[in-house]
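**Q** The structure that follows is given in the form of structure tokens.
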Amino acid sequence: MSETKRILLIDDDTDFRASVRALLEREGYQVLEEPAGDSGLLTARAARPHLILLDIMMRERTEGFFVLQEIRRTPGLADVPVIVSSSLYSEHPFFRVREDAGWMPADLFLPKPLRPQQLLEEVARLLARAPQETAP
Amino acid sequence: MKMRKVRKDALDLFVAVLPRFGEVLAPVRRGAGWAFAPPRRWSEVDLAYPRTLLPPKKILLPPHERMLRFRKGEGYEDLLAEAGKPVVLFGVHPYDILGISILDRVFGSGRFPDPYYAARRRNTTVVGVDFTPDALHFCPSMNADWVESGFDLFLSDIGDHYLVMVGTSRGDDIVELSGCLLEDITAADVAEYKHRSAQRRASYATEVEIGDLPGILEMEYGSKVWEELGDRCLSCGACTAVCPTCYCFDVYDEDDLAAPTGTRGRTWDSCLFASHARVAGGENFRARRSARVKFRFYHKQRGFVAEYGRPSCVGCGRCSAVCPAGIDIVQVIRAIRDEDGHARAGS
């Protein structure tokens, strides 16, 4: 029997978390939520999610980038797939560094607003290739 | 040298792209001081810091380092891969960049370059930043208040922007990646840079003359200053630990008692430790504290000048800041020059 996949949402937007949670739970995923980077890291270390959906602009404009670096240097989390989802580019149009230029150590960048079907497809794709054992 | 500028309020986005070149370590508050460490958020980065407790050498020459693993009958395998992790040192002051350049000369040149240091240095990106000196900085006296090499990028405060000097092709790669955040500089920016540079030079409160110091040290080998310092020094080695250019290390083997294997490592040593000059048979060439204190000064201000053409001191003030006995290198130099009088050395 396959283990229910745990997905951690780190995003300061309550409505966004609620809608994504509903979407993912309908697909049978277990969803954990955190509204900030530091609490998100604590939960990630304790719960060892199978995938993390991470916002960038939270209390600080680049908070998610620092969270992402911490995830990548944390044993047990370093290989967990991370989808970064942000409106950074639309809110700061002068920032034109391509998200696929190799500087963002995420598995995928999805601009907000998210398209539900695309999110579900990418989550399934990344979970299929993720390490299977992430129990805390 | 290519130059651009970046808005201060866009520096967080500029730093966000740096992980492309390695793990970012920046000056952040740690207790009562500052340390180069991975920031947890941008607001933790404090570019107005006076000095970090430990210099960047802690990255290039770690306090403890495993070098090789050996197995009886099979030889050894080096652990160079452990030194291969890319790092971006963000916000390094000019004197610390010069400190790195001095370590580069010691470990990276000559007939036997150190492969472990070389691997770390090769994987280290240096982004410098200028700073406002405090009473302990005496960098101009050591010709260390400005650097023209040793960095990939260097940021100079010009008001709403930082002027960005590109020092290497890797620095140019960063500029290429983050180009949208950078702007061309103007004549007004150059004027502002020159104005602030002059202001900074004039703001150093501490200076000491070292032009003829090697010769004076030659004459003062028997000075009572060294005995007085020996009476005060605790031989704790704090000054050597925090010095950006002190590089003594001790090599040790750790044997696995359950198997014919082990590892060889090295750890920071200090010429102020009683064991530093002790050799087989129990002889100790510098058994007295005064001899060890004198050795440190002579090595940095005389021997290194003869070998490399400059002192191995960059005027950062760290040794004076941490010495529990209150020994101040500037006062020691003044005392040996008879500018303050021997009795006041380090008081």
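**Q** Residue check: is B:Gly31 surrounded by 20 or more Cβ atoms within 10 Å (Cβ to Cβ) and more than 11 Å from chain A (Cβ to nearest Cβ)?
**A** Working: surrounded by 20 or more Cβ atoms within 10 Å (Cβ to Cβ): no; more than 11 Å from chain A (Cβ to nearest Cβ): yes.
In short, no.
For (1) over 28 Å from B:Ile59 (Cβ atoms); (2) outside the structural domain of B:Arg69 (by TED's automatic domain parsing); (3) among the β-branched types (Val, Ile, Thr), each residue gets a yes or a no:
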| residue | (1), (2), (3) |
| --- | --- |
| B:Glu183 | yes, no, no |
| B:Gly237 | no, yes, no |
| B:Pro244 | no, yes, no |
| B:Ala258 | yes, yes, no |
| B:Leu272 | no, yes, no |
| B:Arg286 | yes, yes, no |
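**Q** Could you list, in sequence order, all residues of segment B:175-230 that are away from every other protein chain (no Cβ under 14 Å), acidic (Asp, Glu) and either within 27 Å of the chain's Cα centre (by Cα) or part of a helix (DSSP H, G or I) (or both)? First the steps, then the outcome.
**A** Looking only at segment B:175-230, we keep the residues that are away from every other protein chain (no Cβ under 14 Å), and these are B:184-230.
Imposing the further condition that a residue be acidic (Asp, Glu) reduces the set to B:184, B:189, B:192, B:207, B:209, B:212, B:218, B:220, B:227-228.
Passing the criteria: B:Asp189, B:Glu192, B:Glu207, B:Glu209, B:Asp212, B:Glu218, B:Glu227, B:Glu228.
**Q** Oh, and also: Among the residues of segment B:62-111, which ones are assigned to a strand (DSSP E or B), surrounded by fewer than 18 Cβ atoms within 10 Å (Cβ to Cβ) and at positive phi?
**A** Result: B:Gly75, single match.
**Q** May I ask you to verify whether B:Thr206 is under 25 Å from B:Ile102 (Cα atoms) and touching a His at 6+ places or on another chain (Cβ under 7 Å)? Talk me through it step by step, then tell me what you get.
**A** Values: under 25 Å from B:Ile102 (Cα atoms): yes; touching a His at 6+ places or on another chain (Cβ under 7 Å): yes.
When the stated conditions are applied, B:Thr206 passes them.
**Q** What's the number of the only condition in (1) in contact with a strand residue (DSSP E or B) (Cβ under 8 Å, 6 or more places away or on another chain); (2) closer than 19 Å to B:Arg200 by Cα; (3) surrounded by 21 or more Cβ atoms within 10 Å (Cβ to Cβ) that B:Ala144 fails to meet?
**A** So the condition that B:Ala144 fails would be (1).
**Q** Can you tell me which of B:Asp130, B:Asp189, B:Asp114 is crowded, with 17+ Cβ neighbours inside 10 Å and within 26 Å of B:Trp34 (Cβ to Cβ)? Lay out the reasoning, then the answer.
**A** On the way: B:Asp189 fails: within 26 Å of B:Trp34 (Cβ to Cβ); B:Asp114 fails: within 26 Å of B:Trp34 (Cβ to Cβ).
Among B:Asp130, B:Asp189, B:Asp114, only B:Asp130 is crowded, with 17+ Cβ neighbours inside 10 Å and within 26 Å of B:Trp34 (Cβ to Cβ).
For every residue, the table says whether it meets (1) under 30 Å from B:Pro260 (Cβ atoms); (2) of a type in the set (Val, Ile, Thr); (3) within 14 Å of chain A (Cβ to nearest Cβ).
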{"position": "B:Met3", "(1), (2), (3)": "no, no, no"}
{"position": "B:Ala10", "(1), (2), (3)": "no, no, yes"}
{"position": "B:Val15", "(1), (2), (3)": "no, yes, yes"}
{"position": "B:Pro19", "(1), (2), (3)": "no, no, yes"}
{"position": "B:Ala48", "(1), (2), (3)": "no, no, no"}
{"position": "B:Gly75", "(1), (2), (3)": "yes, no, no"}
{"position": "B:Pro94", "(1), (2), (3)": "no, no, no"}
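**Q** Can you confirm whether A:Arg72 is surrounded by fewer than 22 Cβ atoms within 10 Å (Cβ to Cβ) and out of contact with any Pro (no Cβ under 9 Å at 6 or more places or on another chain)? Before you say what the answer is, go through the steps one by one.
**A** Numbers: surrounded by fewer than 22 Cβ atoms within 10 Å (Cβ to Cβ): yes; out of contact with any Pro (no Cβ under 9 Å at 6 or more places or on another chain): no.
No: the conditions fail for A:Arg72.
**Q** Check whether at least one residue in segment A:50-58 is within 14 Å of chain B (Cβ to nearest Cβ), farther than 26 Å from B:Leu177 by Cα and not hydroxyl-bearing (Ser, Thr, Tyr), and report yes or no. Write out each step before concluding.
**A** Within segment A:50-58, the subset within 14 Å of chain B (Cβ to nearest Cβ) is A:54-58.
Those still in the list that are farther than 26 Å from B:Leu177 by Cα too: none.
No, that holds for no residue.
**Q** From the list A:Phe95, A:Phe109, A:Phe66, which residue is touching a residue at least 12 places away in the same chain (Cβ under 8 Å), facing chain B (nearest Cβ under 9 Å) and either surrounded by 15 or more Cβ atoms within 10 Å (Cβ to Cβ) or assigned to a loop (DSSP other than H, G, I, E, B) (or both)? Even if it seems obvious, please write down each step before you answer.
**A** Values: A:Phe95 fails: touching a residue at least 12 places away in the same chain (Cβ under 8 Å); A:Phe109 fails: facing chain B (nearest Cβ under 9 Å).
Result of the check over A:Phe95, A:Phe109, A:Phe66: A:Phe66.
The values are calculated or read from the model by the stated rules, or taken from the named source; none is laboratory data. Bear in mind the structure is a predicted one, so any value in this text is a computation, not a measurement. In this analysis, Cβ positions are derived from the backbone assuming ideal geometry, glycine residues included, and neighbour counts consider all displayed protein chains.
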